Amino acid sequence: MTDVLSALGKRTLVMGILNVTPDSFSDGGQFFALERAVEHARRLIAEGADILDIGGESSRPGAQPVPEEEELRRVVPVIRAIRQESAVPISIDTYKATVAEAALEAGADIVNDISALRFDPRMGEIIARARVPVVLMHMQGEPRTMQQNPVYTDVVREVKEFLAERIAFARAHGIEKILVDPGIGFGKTVEHNIEILRRLGELRDLGCPILIGTSRKSFIGRLGSTTPEPLPIHERLEGTIASTVIAVLNGAQIVRVHDVAPMKRALAIVDAVRYDR
Ligand code: 8Y7
């Protein structure tokens, strides 16, 4: 199942984003949210997603935390349902050890922790015991306030030093499979995000596969717009593809995106050049 990671170095892997948040269009409650999520998962799989990243709490700037019980109610049934019909590798997007534990029990294969094992003291041991890969992501601050005034002397150096420290921490807990992520948009200005994309190659020295997520993020909406207003979400695909291609040419091996089919079409060309096929 986690054999996906064996394809690393052969082609770029696409992680499809599956947000499981309450259904705002009907009053059907949990059941309809589950049905909608499973249908979206089927679509991501059909489009060729190599991994699904399932999350029950928004990490968008300014978002409020979701209680643990609610997060569990959202993600666990979705993971179980997908597992019943597909062997697609599943990543659980959470920084809570209890949620990670239940998700792994339900069939998840990877833990994507935006806090890089900092927010929950039990996370390291849960992941080590399950012997699954972890994604360690850089973030300055916390989601609710991180975009208020991010400051760095040298953003790439600081991200790299942070990730090196978190890799050592994960290894000390007995975690062996480690992916790193610079955390585009997590406590970063537009300029910080640009600098990270330009110099992403410096993170190769860490010796871990690099994952990156630029999909539909605010810097794309701002850079791509010709007016003071950022581009609406549905006009951010081209910027998402451009930024992802740059990241891949600079060493990213896994890309986290909403729009799997267009990204797969773009990466077929990138991979043909990059991996000489
Ligand atoms: C990322 C992420 C989000 C990312 C990793 C959004 C959960 C915000 N972004 N996880 N999660 N990397 N590893 O706009 O960039 O998708 S949520």
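The values are calculated or read from the model by the stated rules, or taken from the named source; none is laboratory data. What you see is a predicted model; the values in this text were computed from it and never measured. Using ideal geometry, Cβ is built from the backbone for each residue, glycine included, and neighbour counts are taken over all protein chains shown. With ligands, DNA and RNA removed, areas are computed over all heavy atoms of the protein, side chains included. Shrake-Rupley method; radii C 1.70, N 1.55, O 1.52, S 1.80 Å.
The Stokes-Einstein estimate for region 84-199, based on a Kirkwood radius over Cα pairs and taken at 37 °C with 0.692 mPa s viscosity, is a diffusion coefficient of 222 µm²/s. Taking the Cβ of His173 as the centre, find all other residues whose Cβ is under 15 Å away and add up their charges (Lys, Arg: +1; Asp, Glu: -1). Local net charge: +1. Gyration tensor over the Cα atoms of the chain: the corresponding equivalent ellipsoid has semi-axes (square roots of 5 times the eigenvalues, largest first) of 25, 22, 21 Å. Sites listed here are chymotrypsin sites (Phe, Trp or Tyr not before Pro) in region 1-87 whose DSSP assignment is loop and whose Cβ has at most 14 other Cβ atoms within 10 Å: Phe25.
Computed extension length for Arg73-Glu191: 38.7 nm, one decimal, from 0.36 nm per residue of separation with the Cα-Cα distance subtracted.
Put simply, when 88-96, 245-253 are sorted by average Cβ atoms within 10 angstrom per residue, most first, you get 88-96, 245-253. Label positions at Arg131 and Asp3, each projected 7 Å from the Cα along the C-beta direction, are separated by 1.6 nm. Charge dipole (Cα centre; +1 on Lys/Arg Cβ, -1 on Asp/Glu Cβ; no other charges) of region 223-277 amounts to roughly 240 debye. Using θ = phi - 60° in the Karplus curve 6.51 cos²θ - 1.76 cosθ + 1.60, the 3J(HN,Hα) couplings for region 147-156 round to 8, 5, 7, x, 9, 9, 7, 9, 4, 5 Hz; x is entered for Gly and Pro. Computed in the context of the full set of protein chains, the accessible area of the chain at 1.4 Å probe radius has 53% of its extent on carbon or sulfur. From the Cα gyration tensor of region 131-210, with a ≥ b ≥ c the square roots of its eigenvalues, which class applies: rounded if a/c is under 1.5, or else prolate if a/b is larger than b/c, or else oblate? Note, shape of region 131-210 comes out prolate. Label-to-label distance, Ser86 versus Arg122, with points set 7 angstrom from Cα along the beta-carbon direction: 3.0 nm. Look at the alpha carbon pairs under 8 Å that are at least 6 residues apart: their mean separation over the length of the chain gives a relative contact order of 19 percent. If only the Cβ of Lys and Arg carry +1 and only the Cβ of Asp and Glu carry -1, the dipole of the chain around its Cα centre is close to 600 debye.
Have a look at Phe219, Gly239, Ala128 and report the one farthest towards the positive end of the charge dipole of the chain, computed about the Cα centre with Cβ charges (Lys/Arg +1, Asp/Glu -1). Looking along the dipole axis, the top candidate is Gly239.
The simple spin-label model puts a point 7 Å past each Cα toward its Cβ; for Arg43 and Gln148 those points are separated by 3.7 nm. Over all other residues within a Cβ to Cβ distance under 13 Å of Gly107, the charged ones net out to -2, with Lys and Arg as +1 and Asp and Glu as -1.
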